[in-house]
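**Student:** Dropping a structure here in structure tokens format, bear with me for questions.
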Amino acid sequence: SRALSEVTLEGRIGEMIALTGATGAGKSTLAYLVPAFVTPTTGQVLIDGVDVCSLSVASLRQQVAFVFQEAVVFDDTAANNIRLGNPEASDDEVRRAAAAAGALGFIEKLPQGFDTRLGRGGGTLSVGQKQRIAIARGLVSRAPILVLDEPTAALDPETENALVSALNAERHKRLLIVIAHRLSTIASADRIYFLNDGKVLESGSHEELMTREGGAYREYVELQMGTAA
């Protein structure tokens with residue numbers, strides 16, 4: 001059976017687009033098409049009009065940075081973990097990315113700050129701290145397309161709000177594709193794509209989609225907010 005069908009999605013530099021819907025709707029599969037982690041059996045994924053299948057993996061990954069839901073941290077310094085996103089990043093760029101991802105506070109409290117080794121698998125860090133390191137890694141990259149898979153899932157509301165503000169500040173210089181369940185993460189996107197069973201049911205801004213009587217996205221939001229009758 002097909003994982004995705006009847007999907008049309010467009011994003012431009014300077015935009016933040018959000019993919020949302022229930023678990024198993026196909027959000028991650030759709031996002032995985034962009035850096036060619038999976039390839040379509042029919043249809044195309046185009047970047048600047050070029051089919052990603054015709055690009056080398058190396059050149060494609062220069063165009064797309066991906067932050068996975070399961071954050072991976074290596075037994076290296078905090079700075080070098082962030083620099084995986086861009087080995088040429090300056091200390092200042094690493095610091096700015098850490099601040100934007102909400103990681104600066106806990107990194108500065110580590111015994112040697114940015115020079116502290118994080119242990120095998122980042123064993124010294126909480127799940128939320130690993131997530132913030134991974135987000136900083138994505139932010140420090142210079143890739144024009146940044147995909148974040150559930151970036152706020154392991155974050156407290158205060159850190160989530162700070163990250164959403166940082167993403168809003170980032171969006172002018174790249175295309176941001178954010179997969180998320182939380183309304184607070186997706187509401188400020190330029191366009192929201194609501195998926196169900198591998199299909200895009202609706203797309204539009206939060207405000208546009210909320211005006212649709214009986215709309216799938218509106219119903220989803222009302223369930224989240226506990227206001228559905």
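**Student:** Which one of the conditions (1) open to solvent by 60 Å² or more (accessible area, probe 1.4 Å); (2) over 23 Å from residue 23 (Cβ atoms) does residue 225 fail to meet, given that it meets all the rest?
**Tutor:** Only one criterion is unmet by residue 225, namely (2).
**Student:** Quick check on my filter: what residues within region 157-211 are open to solvent by 40 Å² or more (accessible area, probe 1.4 Å) and at positive phi?
**Tutor:** Scanning region 157-211 gives a single hit, 197.
**Student:** Suppose we keep only residues that are assigned to a loop (DSSP other than H, G, I, E, B) and touching a residue at least 12 places away in the same chain (Cβ under 8 Å) within region 43-52. Which one would you say is nearest to residue 66 (Cα to Cα)?
**Tutor:** At the first step, the residues of region 43-52 found to be assigned to a loop (DSSP other than H, G, I, E, B) are 43-45, 48-49.
Retained after the next criterion (residues that are touching a residue at least 12 places away in the same chain (Cβ under 8 Å)): 43, 45.
Working: 43: 22, 45: 16 Å.
Looking at the filtered set, the residue picked out is 45.
**Student:** With over 19 Å from residue 87 (Cα atoms), in contact (Cβ under 8 Å) with a residue 24 or more places away in the chain and buried (at least 24 other Cβ atoms within 10 Å of the Cβ) as the only criterion, which of 102, 119 stands out?
**Tutor:** That would be 102, the only listed residue that is over 19 Å from residue 87 (Cα atoms), in contact (Cβ under 8 Å) with a residue 24 or more places away in the chain and buried (at least 24 other Cβ atoms within 10 Å of the Cβ).
**Student:** Let me ask something additional. So residue 212 passes all but one of these: (1) out of contact with any helix residue (DSSP H, G or I) (no Cβ under 9 Å at 6 or more places or on another chain); (2) part of a loop (DSSP other than H, G, I, E, B). Which condition number does it fail?
**Tutor:** The number of the failed condition is (1).
**Student:** Does region 13-24 include one or more residues that are under 14 Å from residue 133 (Cβ atoms) and either among the small types (Gly, Ala, Ser) or without any contact (Cβ under 8 Å) to a residue 12 or more places away in the chain (or both)?
**Tutor:** no
**Student:** Before we move on, is residue 97 open to solvent by less than 50 Å² (accessible area, probe 1.4 Å), assigned to a strand (DSSP E or B), touching a residue at least 40 places away in the same chain (Cβ under 8 Å) and under 30 Å from residue 45 (Cα atoms)?
**Tutor:** no
**Student:** I've got another one for you. Do we find that residue 40 is surrounded by fewer than 19 Cβ atoms within 10 Å (Cβ to Cβ) and either among the basic types (Lys, Arg) or not in a strand (DSSP E or B) (or both) in this structure? I'd like the intermediate steps shown before the answer.
**Tutor:** Working: surrounded by fewer than 19 Cβ atoms within 10 Å (Cβ to Cβ): yes; either among the basic types (Lys, Arg) or not in a strand (DSSP E or B) (or both): yes.
It is true that residue 40 is surrounded by fewer than 19 Cβ atoms within 10 Å (Cβ to Cβ) and either among the basic types (Lys, Arg) or not in a strand (DSSP E or B) (or both).
The values are calculated or read from the model by the stated rules, or taken from the named source; none is laboratory data. Computed from a predicted model, the values in this text were never measured in an experiment. Cβ sites come from the backbone with ideal geometry, for glycine too, and all protein chains shown count toward neighbours. With ligands, DNA and RNA removed, areas are computed over all heavy atoms of the protein, side chains included. Shrake-Rupley method; radii C 1.70, N 1.55, O 1.52, S 1.80 Å.
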